[in-house]
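FYI, it's all coordinate maths here, none of it is from the lab. Just so we're clear, the structure is a prediction, and the values are computed from it rather than from any experiment. We place every Cβ from the backbone using ideal geometry, glycine too, and count neighbours over all the protein chains shown.
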Amino acid sequence: MLRKVAPDLADPGTTALQEDALADIAAGRAALAAFMQAQVDATREFSRTLLEGKLTDAQLVLHACPACGGARCVQRTSKAGSMYHRCLDCEAAFGDDGGKPGKRFEDRPAGDGGQKISSAGAAGPKCPSCKKPTFKNETKTGKAYYRCGACKGAWWPDRKDEGKLGGKWEGRLELGRRT
C-alpha cells in the first residue's frame, strides 16, 4: 500500500539521495535537523494520504483460504502477468481458478521441474515436528507424498495406511537446501 502512496520510496535513486545526505551530515556539511524534518514531513504526508482512504482498492476481494480457513486470501498478479492468490494469514499461494483460489502452489527448489500439486488443502495427518496439518501432493511421476506447509517437511504415506505419515522424505530436504 505504501508503494501506491510513495512509489519513489522503492526507487534506488531515492535511497542513494538519502545516503548522500547522511554522508554530508557525517562530514559536517549538512545539519541533521533539516534532514530529519524532511523525513518527518514526508512521513506525515504518506500517513495523511493513507488515513484519508484515497487508496482504497475497490477491486480488492478477499476469499477464504483453502489452507488455513482464514478469510484474507487476496488475488495478485505475478511478474509474468499471471493471476494467483496469496493468503495474508498463512502465506500460502494458490493458482487462479476463475477468480477464486485454486490449486495450492508448493515452494519448489530452483530447477525442480514439474511436480503436480493436489487440490486438497492442509487436511492430512499432523506434522510430527510442528503439529500442523499436512497436505497431500504428487511427484511428477504420480507418487503421493505429504508435505507440511509450515516447516516444509515431507513424508511418504504409510505403506499400511495411506492416511498416515510414513517415512520422512530425506531427499526432499536436500533438494530444498540447494540454490
For residue 149, other-chain or 5+-apart residues with amide H closer than 5 Å (H placed, Pro excluded) are 135
Of 143/168; 132/152; 100/143; 100/140; 100/131, pairs whose Cα-Cα distance is over 22 Å = 100/143; 100/140; 100/131
Can you figure out the FRET efficiency of residue 9 with residue 159, using R₀ = 45 Å and their beta-carbon distance, to the nearest 0.05?
-> 0.25
Step through the residues of segment 127-137 one at a time and calculate ³J(HN,Hα) from phi using the Karplus curve (6.51 cos²θ - 1.76 cosθ + 1.60, θ = phi - 60°), rounding each to whole Hz and writing x for Gly and Pro.
-> 5, x, 7, 10, 6, 8, x, 9, 10, 8, 10
Quick note on 22, 51, ordering by fewest other C-beta atoms within 10 Å, gives 51, 22
Least to most buried among 72, 159 (fewest other Cβ within 10 Å first) = 159, 72
What full-extension length gain, to one decimal in nm, is calculated for residue 82 and residue 39 as 0.36 nm per residue of separation minus the Cα-Cα distance?
-> 11.8 nm
